[in-house]
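Below is one structure; the comments refer to it alone.
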């Protein structure tokens, strides 16, 4: 019975017992056709897929290099702006030779290892970056003036300028950034005297007669400076009623200046006030070089070629041979008991919470200007604001003030005004 049913479905070939005929054989043929068609389809699609994959890989590579070029352009902006912070825009526009009339290098920057690069007819500075022996690309930078209406694209008149930076990947893909910056260099103020006492009250104490305070302008070599206007010996913001004076012997004769008095001293001056001094303090102390409180025996606080802003938050005693150039700011008492040779500006006790004073001048030789204030003590019954001792020589000097101005230039304000990517 079973064999009968089986034979209805399959017919057994006696000569080939393993060969099956019927529906199963038909299915086997259909499968073969499907496989062949599938392989044919794969043969057609494979090149397309390979091409699409290659395109996708290329797009990813291009995107990566575009990002790399963008980051290189950003690095160029940061490098250029760090240099602008340390200089004024005019010097940047003029180029490394400092001559705006020699236009070949205008806007370029003197960077070690850099080279020149021409883009759109302008000369840029090209800086190559590498990791080991492998190049990671270049940034290409130029600084130039905005159209500030003065008719001179090499002379700044509004503290605004452009940084043009091009990032270039190793395969030559580029991105360009154009950034407008504002750089306001701090300028040294005008001082009414060799020593200016600021604040609501002042108390001057002289111990000995070996010192001298002169408002007659001198150069740094000690000779007269005919190009610098003379000032007073001492100028005081407080009124005469709020000023205490203790001149021993003939020590008042050692304070000389343009008015010819003995001492050459004026009250109620408003040319440089406590507020002006505090504005300088606020502007300069954040970027100053720290000076440890306590005794400083010997050392250098800046040089003529590299003046600096030096800052101490407490009492300082200078002993031994100390030299310096730039600006010295002391929030506490300053006691010069050794030999101080300083070119620039010294600020003592001018911050809002300061109770510092000039305790002694020792054997100092100061060319520039000194400012002393004690906002905490508001009458002349406390400690002296300024005590002159020893064989100090304090001379007003425009050259010394200008040295301080170079140090102040490092602390000028800087900000980015606008930023855009160049197509």
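FYI, it's all coordinate maths here, none of it is from the lab. Please read these numbers as outputs of a predicted model, since none were measured by experiment. So basically every Cβ, Gly included, is an ideal-geometry build from the backbone, and we count neighbours across all protein chains shown.
For Kirkwood radius over Cα pairs in Å, which listed value, [x] 23.1; [y] 26.9; [z] 24.9, comes from the coordinates shown? Matching entry in [x] 23.1; [y] 26.9; [z] 24.9: [y]. The long axis of helix 398-409 is offset from the longest Cα principal axis of the chain by roughly 20 degrees.
Protection proxy ranking of 33-40, 249-256, by the mean of other Cβ atoms within 10 Å over each peptide's residues and highest first, is 249-256, 33-40.
Each stretch of four or more DSSP H residues adds -39500 (n - 2.57); spread over every residue of the chain, this sum gives -8000 deg cm²/dmol at 222 nm. So how tilted is helix 274-284 from the main axis of the chain? Cα-based, degrees 0 to 90, rounded to 10. Taking the Cα atoms of the chain, the angle to 274-284 is about 30 degrees.
Averaging sequence separations of C-alpha pairs under 8 Å and six or more residues apart, then dividing by the length of the chain, give the relative contact order as a whole percent.
15 percent.
With a cut-off of 8 Å between alpha carbons and a minimum separation of six or more residues, what is the relative contact order of region 193-409 in percent? Walk me through the numbers before you get to the answer.
Working: 703 pairs, mean separation 55.6, N = 217.
This gives 26 percent for region 193-409.
For the chain, the longest principal axis of the alpha carbon atoms and the long axis of helix 23-86 meet at an angle near 10°.
Highest mean first, what order results for 229-238, 349-358, 110-119, 335-344 on Cβ atoms within 10 Å? Don't skip to the end; give the middle numbers.
On the way: 229-238: 25.0, 349-358: 20.9, 110-119: 12.2, 335-344: 22.6.
Sorting 229-238, 349-358, 110-119, 335-344 by mean packing, highest first, produces 229-238, 335-344, 349-358, 110-119.
Could you identify which residue out of 283, 262, 56 has the top mean-square fluctuation in a GNM of the chain using Cα springs shorter than 10 Å? Per the Cα network of the chain with a 10 Å cutoff, 56 tops the list. Based on Cα contacts under 8 Å between residues 6+ apart, region 322-405 shows a relative contact order of 31 percent.
A simple packing score, the average count of other Cβ atoms within 10 Å per residue, orders the peptides 57-63, 200-206, 290-296 as 200-206, 290-296, 57-63, with the highest score first. Just checking the listed ones, 107, 222, 121: in the Gaussian network model of the chain with Cα springs under 10 Å, the one fluctuating most is 121.
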